[in-house]
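Asker: There's a structure below that I have some questions on.
The values are calculated or read from the model by the stated rules, or taken from the named source; none is laboratory data. For clarity, every value in this text was computed on a predicted model and none was experimentally measured. Using ideal geometry, Cβ is built from the backbone for each residue, glycine included, and neighbour counts are taken over all protein chains shown. Quick note on the areas: whole protein, heavy atoms, side chains included, nothing else; ligands and nucleic acids left out. Shrake-Rupley method; radii C 1.70, N 1.55, O 1.52, S 1.80 Å.
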Amino acid sequence: MNELRHGAAKVDSKRPPDISSPIIPPASVKNVPVSIGLASDEAHRRLEKFGPNAVPDTALQPLRRALTKFWAPVPWMLEAAIVLELALGKYVEALIITGLLVFNAALGFFQEGRAQATLAALKSRLALNASVRRDNVWVTVPATELVPGDIVKLSVGAVVAADVRLTRGEILLDQSMLTGESIPIEAGPGLQTYAGALVRRGEAVAEVTATGARTKFGRTAELVRTAHVESSQQKAVLRVVRNLAMFNGVITGLLVSYAYALKLPLGEIIPLVLTAILASIPVALPATFTLAAALGARALAHLSVLPTRLSAVDEAASIEVLCVDKTGTLTRNELKVTAVRPMPGFDESHVLGFAALASSDGGQDPVDAAIRSAALQVVASDLPRLSKFVPFDSATKMSEALAVDPGGGKVRAVKGAFAAVIGLTQPSPDASTIADQLEAQGFRVLAVAVGPPEAVKLAGIIALSDPPRTDSAALITELRRLGVRTVMVTGDAPATAAIVARAVGLDGAVCPPGPIPDGLHPEDFAVFAGVLPEGKYNLVKAFQKGGHTVGMCGDGANDAPALRQAQMGIAVSTASDVAKSAAGIVLTTPGLGGIVASVKEGRVTFQRILTYALNSVNKKTVQVLFLAVGLVMTGHAILTPMLMVIIMLTGDLLGMSLTTDNVRPSPMPNAWRIGELTIAGVFIGIAELIFCTAVLVVGKFSLGFGIEALRTLAFVLIVFGNQATTYTNRERQHLGSARPSGWLIGSSVADLAIASTLATCGIAMTPLPIFVVGGTLVAAAVFAFVLDFAKVPVFNRLRIA
């Protein structure tokens, strides 16, 4: 970087390309002179051999994606219940359970489909057309028809459509889509460049060396496809279902054994088993996870953050380490004049004015744009009039201008790399010292010389940098307060990275360029400098190996594997389509503000999902245990399959309103501690079991209810008891700490009204006196307040927060 000190980084055209697979050498595709190009027949033959110049689409087809919604633990349990219902001739119950199964699948399918549609809207083709030499004529063909050996023309504004090697001409190439580095490079004959690069200046002829999946872009896409880390949400669902299945499976086995010992007829045992299976199914658990994430995604969309997959919303709650790129995330991604050091006889305005004369007007060179912008702020009044401009030449590392002063004399202004410009003037030890000091601070350094064409002298030195964003330091402090450690990962030199890190509040050691150290911890370094894009993937895996949940920022195509591997991949606003495809979250505005918003909203979503998961464990525990208590107390199944289906419909589905509840975001990163969650759920379930058993005892022995009335009472108890525990579970502290959402209150009223109406009117069950239903509701309310005092120390001990 310091060797060139201009808007373009120095590139060694002899250095082999940084890729994992070999480029197809020109000899293997029969080198063709530029004046001729490939014949159409030969191009067609190679197209059949190498295939189209496109990356295969590996996305699941809609039908296959829909079928996957029926192949998971919860759908399996529902499908088994449907088979049993049909075997017993219970067609109405089977139809209702089928409806639940389809509802679950449809909700997941459509919500994920919306995320896929968002992603599709962000994608675009790399290059639609290309100018290629065929049959000795320049023609325009679709980029997908390019083949190795084709001769293509690269012009200003064009996107390179395949991996190519330049053969003639010089161009300024912007490879930020691939590398994430914002500064273009000067490219000449012999240089290898890749699909996706943008031509900023000049024109060149190049030979295609690789197409389609064989390009660097294509190999990156393949690595993205294979890079994967399992969602913590997926693991949580599986572990909750597994724990419930194991616990309730044992209880169901004991139920069957006891029923057999009582010599119950098979006609009663089979419905008892079916009821126990239905009682064990957390029917809406996967759908609730999906719905909560979808609502979180919608909230983030209003904050200029677009989740491309729903699981990323939940993952945002858990990240402990955030790897951020310097350019465009912590900095503005635009060069600015940072310092001007005039030499004796010149002032700042004239140094900038002469530099502006030697800068292109309206071009795409970021250095020229920065100097012209700075010159407009301090205008010199007596500058010469421009007569001729000579653009930057990569061979001389300079640009220059010829001008005429007010007296008619000729003036030459030269701007460029310090070493090149100082060679035109008298040596100046002071100027060299100033240049070295500015370079040591990580600045890009230019020299400006001016004077008669044959005798220019040094006018001054200009330092440029990409300054930090004004909000970066505050947002890093906010992330630190949220328990997220931020580390900078950049391809820049350690000195430059360290300066920016200090400016934004990242205090700590700088990891030097090279292999990732073994046993790496996030606290070891604040900055990882000189990291190549593929090194980011290794860094993410190293942090994950240490047990950390990682968020990764990126923008280039080479960042895509790291974005895919991280639990939360974040594509910044200027990212390439490939990076956006691989990321879980896409920011639409610059800076870290969207990341902070994602973490906070993710933790809100996590708390809602945690409450529903706790409710599921609680409900499924008490329902199966209550069946056992009822069987021992009455010698019969205390609930029928139809009553259990109604409980599932009213309780599980209406309970999904918890996804809208008002909750406080967690103060620190979240983690799914399924063991503690299960213990807490079982504790609440046993407390509810005691309540239900006590009221059932009153119904049997004090009120003298028969088995049918007891079944209705059991139904009412389960519904009312579940509502009581819903409100104790939603608060990590005492009741009243946070107001329930309107949707939650409305669903509770609906659930209680439906159950009360069915019980008092005798619909699908034996009717109960209204005073019994009312008394049970009052008892459930008292139970909720008693349980509230008992649950707080248990939650604190189990770290349910």
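Asker: Could you please state how large a percent of the accessible area of region 308-440 is carbon and sulfur, counting protein chains only and using a 1.4 Å probe? Can you show the working numbers first?
Answerer: Values: 2930 of 5720 Å².
Carbon-and-sulfur percentage of accessible area, whole number: 51.
Asker: Can you list the residues, at least 5 places off or on another chain, whose amide H is less than 5 Å from the amide H of Arg134, using H built in the peptide plane?
Answerer: Val139
Asker: Using a basic spin-label model with each label point 7 Å from the Cα along Cα→Cβ, how many nm lie between Phe389 and Arg239?
Answerer: The answer from the label model is 6.2 nm.
Asker: Another question, then. Round to a whole angstrom and tell me the spacing of the C-alpha centers of region 276-304 and region 653-672.
Answerer: Here the two parts' Cα centres lie 10 Å apart.
Asker: Still on this model: Return the inverse of the average 1/r over all pairs of distinct C-alpha atoms in region 517-605, which is the Kirkwood hydrodynamic radius, in Å to one decimal. Numbers along the way, then the final one.
Answerer: Values: mean 1/r = 0.0745 Å⁻¹.
For region 517-605, inverting the mean 1/r across all distinct Cα pairs yields 13.4 Å.
Asker: Roughly how many debye, to the nearest 20, is the charge dipole of region 288-443 about its Cα centre, given +1 on each Lys and Arg Cβ, -1 on each Asp and Glu Cβ, and no other charges?
Answerer: Numbers: 13 positive and 17 negative charges, 72 e Å.
Dipole of region 288-443, to the nearest 20 debye: 340 debye.
Asker: Which value, in Å², gives the accessible area per residue of the chain when a 1.4 Å probe is used on the protein heavy atoms? Provide the component values of the computation, followed by the final result.
Answerer: Working: 32710 Å² over 801 residues.
With all protein chains present, the chain gives 41 Å² per residue.
Asker: Which listed residue (Leu146, Val283, Ile595) has the Cα farthest towards the positive end of the charge dipole for the chain, taking +1 on Lys and Arg C-beta and -1 on Asp and Glu C-beta about the Cα centre?
Answerer: The one lying farthest along the dipole's positive direction is Val283.
Asker: Averaging the inverse of every distinct alpha carbon separation and then flipping it gives the Kirkwood radius. What is it for region 696-749, in angstrom units?
Answerer: With all distinct Cα pairs of region 696-749 included, I get 13.1 Å.
Asker: How much net charge surrounds Met642 when only other residues with a Cβ under 15 Å from its Cβ are counted (Lys, Arg +1; Asp, Glu -1)? Numbers along the way, then the final one.
Answerer: Details: positive: Lys90, Arg711; negative: Glu85, Glu93, Glu268, Glu708.
Here the charged neighbours net out to -2.
Asker: Another question about this same structure. Hey, what do the phi angles of region 703-718 turn into as Karplus ³J(HN,Hα) couplings, whole Hz, using 6.51/-1.76/1.60 and θ = phi - 60°, x for Gly and Pro?
Answerer: These are the phi-based 3J(HN,Hα) values: 9, x, 5, x, 5, 5, 5, 5, 5, 5, 4, 4, 4, 4, 4, 4 Hz.
Asker: Amide H of Asn129 versus every other amide H placed in the peptide plane: which residues, excluding those fewer than 5 positions away on the same chain, fall under 5 Å?
Answerer: Hits under the 5 Å cutoff: Ala143.
Asker: Mind listing the phi-derived Karplus ³J(HN,Hα) values for region 243-257, rounded to whole Hz, using 6.51, -1.76 and 1.60 with θ = phi - 60°, and x for any glycine or proline?
Answerer: 4, 5, 5, 5, 5, 6, x, 5, 5, 5, x, 5, 4, 5, 4
Asker: Show me, for region 424-437, the HN-Hα J-couplings you get by feeding each phi into the Karplus relation (A = 6.51, B = -1.76, C = 1.60, θ = phi - 60°), rounded to Hz, glycine and proline as x.
Answerer: Karplus values, whole Hz, x for Gly and Pro: 8, 10, 6, x, 9, x, 5, 5, 5, 5, 4, 4, 5, 5.
Asker: Given the rule -39500 (n - 2.57) for each run of at least 4 DSSP H residues, summed and divided by the residues of the chain, what is its mean residue ellipticity at 222 nm, to the nearest 500 deg cm²/dmol? Numbers along the way, then the final one.
Answerer: Details: 25 runs with 375 residues, N = 801.
Calculated mean residue ellipticity at 222 nm is -15500 deg cm²/dmol.
Asker: Output the Kirkwood hydrodynamic radius of region 442-585, Cα pairs only, in Å rounded to one decimal. Please list the in-between numbers first.
Answerer: Values: mean 1/r = 0.0591 Å⁻¹.
Every distinct Cα pair counted, the radius reaches 16.9 Å.
Asker: Taking the Cβ of Gly551 as the centre, find all other residues whose Cβ is under 9 Å away and add up their charges (Lys, Arg: +1; Asp, Glu: -1). Please report the intermediate quantities before stating the final value.
Answerer: On the way: positive: none; negative: Glu315, Glu320.
Here the charged neighbours net out to -2.
Asker: Ranked highest first by the average count of other Cβ atoms within 10 Å around their residues, in what order do 326-333, 690-697, 378-385 fall? Mind showing how you got there, number by number?
Answerer: Working: 326-333: 23.6, 690-697: 18.9, 378-385: 13.6.
In descending order of packing, they fall as 326-333, 690-697, 378-385.
Asker: If you don't mind, there's one more thing I want to ask. Return the Cα extents of region 347-400 along principal axes one, two and three, sorted largest first, each rounded to a whole Å.
Answerer: So the three principal-axis extents are 32, 21, 19 Å.
Asker: Of (1) 118, 63, 45; (2) 166, 62, 55; (3) 95, 63, 48, which is the value of Cα extents along the principal axes in Å derived from the coordinates here?
Answerer: Label (1) holds the value from this structure.
Asker: Give the value in nm², to one decimal: projected area of the alpha carbon convex hull of region 674-801, averaged over all directions.
Answerer: Numbers: hull surface 33.2 nm².
Over every viewing direction, the Cα hull of region 674-801 projects on average to 8.3 nm².
Asker: Please give the Cα centre distance for region 455-501 versus region 321-388, rounded to the nearest Å.
Answerer: So the two Cα centres are separated by 18 Å.
Asker: Moving to a separate point now. For the chain, what relative contact order do you get, as a whole percent, if you take Cα pairs closer than 8 Å and at least 6 residues apart?
Answerer: Values: 1578 pairs, mean separation 107.3, N = 801.
That works out to 13 percent.
Asker: Within region 294-364, which GluC sites (Glu not before Pro) sit in a loop by DSSP and count at most 16 neighbouring Cβ atoms inside 10 Å? Please list the in-between numbers first.
Answerer: Numbers: sites: Glu315, Glu320, Glu334, Glu348; in loops: Glu320, Glu334.
Of the GluC sites (Glu not before Pro), the ones in loops of region 294-364 whose Cβ has at most 16 other Cβ atoms within 10 Å are Glu334.
Asker: What does the charge count near Val324 come to, summing +1 for each Lys or Arg and -1 for each Asp or Glu among other residues with Cβ under 12 Å from its Cβ?
Answerer: On the way: positive: Lys326, Arg469, Arg485, Lys536; negative: Asp325, Asp555, Asp559.
Neighbourhood net charge equals +1.
Asker: Taking region 619-678 as the region of interest, what is the percent of Cα-Cα pairs per 10 angstrom bin, listed from the shortest bin to the one with the maximum distance?
Answerer: Bin by bin from 0 Å, the calculated values are 17, 32, 30, 17, 5, 0.
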